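Below is one structure, written out as structure tokens; comments come after it.
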Amino acid sequence: DQQVKQNSPSLSVQEGRISILNCDYTNSMFDYFLWYKKYPAEGPTFLISISSIKDKNEDGRFTVFLNKSAKHLSLHIVPSQPGDSAVYFCAATSGGGADGLTFGKGTHLIIQP
Amino acid sequence: EADIYQTPRYLVIGTGKKITLECSQTMGHDKMYWYQQDPGMELHLIHYSYGVNSTEKGDLSSESTVSRIRTEHFPLTLESARPSHTSQYLCASSEWGKGVGTDTQYFGPGTRLTVL
């Protein structure tokens, strides 16, 4: 059973608008959440993270929101740019990352001109 | 910026060959990881290491083996490659256990393996 779920395989957004990528998790032991961006045939690039003691973290155009009661997090990208077109992975871990990261299947974000 | 390297980037090899995928990091990170990813799917953890002489199996069963003789080096070996091993292999590292945020894993560029 998937512990981290990204239910939208793809998302198309116009350049300049806001992109919102969603992620749900089932394991209440997760205490650290990360978003990665990945291009084909390359490794994931770390974007932003959030600890379970916070509900929001912002870094430039990227903001991650965490709703622990709903076991839901989202990544907002404002404004969206053509270079943002990639696959975005949500990941989670617990206990200091002792067992590695658990990943979702990713959402392919397409920024249209 | 993370400094983690993987070679080769692409490898096409015949069935039955022994292969070693190299991974090195220059950040002095204690923890290192190997993930496997098929197209359109999530990354699955196959091996990890807490430090020198430590190796553990991940969530996804794998016929590969790993070693950690030096902090900076974490190679993955397949003794006899098969078509079912065709995948992308991603190496990562993290500081771990030194406070919030040190769980962040930094990835190498990956090795795309094709076994004919």
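Here are a few things to note about the model shown:
- In this structure chain A gives 46 Å² per residue of accessible area when probed at 1.4 Å with all protein chains present.
- Measuring with a 1.4 angstrom probe and ignoring ligands and nucleic acids, B:GLU56 comes out at about 80 Å² accessible.
- Only protein heavy atoms count here; under a 1.4 Å probe, A:MET29 has an accessible surface of about 130 Å².
- Here the label points at B:THR77 and B:ASN53, each 7 Å from Cα along the C-beta direction, are separated by 1.9 nm in the simple model.
- Normalised size of the protein assembly as shown, defined as Cα radius of gyration per 2.2 N^0.38 Å with N residues, equals 1.01.
- Heavy-atom accessible area with a 1.4 Å probe sorts A:ILE110, B:ILE69, largest first, into B:ILE69, A:ILE110.
- Accessible area (Å², per residue) of chain B, counting only protein heavy atoms and a probe of 1.4 Å: 47
- Buried surface for the A/B pair, taken as the accessible area of each chain alone minus that of the pair with a 1.4 Å probe, is close to 1900 Å² in total.
- A convex hull fitted to the Cα coordinates of segment B:21-116 yields 100 cubic angstrom per residue.
- Sorting A:VAL87, A:VAL13, B:VAL52, B:VAL12 by solvent-accessible area of protein heavy atoms yields B:VAL12, B:VAL52, A:VAL87, A:VAL13, largest first, with a 1.4 Å probe.
- Total charge dipole magnitude, the protein assembly as shown, about the Cα centre, Cβ charges on Lys, Arg, Asp, Glu only, Debye to nearest 20: 260
- Residues along segment B:32-57 losing 50 Å² or more of accessible surface when the other protein chains are present rather than the chain by itself (probe 1.4 Å): B:GLU42, B:LEU43
- For chain A, the relative contact order works out to 37 percent when only alpha carbon pairs closer than 8 Å and six or more residues apart are counted.
- Residue of B:PRO83, B:PRO75, B:PRO39 that the Gaussian network model of chain B assigns the largest fluctuation, springs spanning Cα pairs under 10 Å: B:PRO39
- A 1.4 Å probe over all protein chains sorts A:ARG61, B:ARG70 by accessible area into B:ARG70, A:ARG61, starting with the largest.
- When the convex hull of its Cα atoms is viewed from all sides, chain A shows a mean projected area of 6.9 nm².
The values are calculated or read from the model by the stated rules, or taken from the named source; none is laboratory data. Everything numeric in this text was worked out from a predicted model, so none of it was measured. Positions of Cβ are backbone-derived with ideal geometry, glycine not excepted, and every protein chain shown enters the neighbour counts. To get the accessible areas, we keep the full protein, side chains included, count just its heavy atoms, and leave off ligands, DNA and RNA. Shrake-Rupley method; radii C 1.70, N 1.55, O 1.52, S 1.80 Å.
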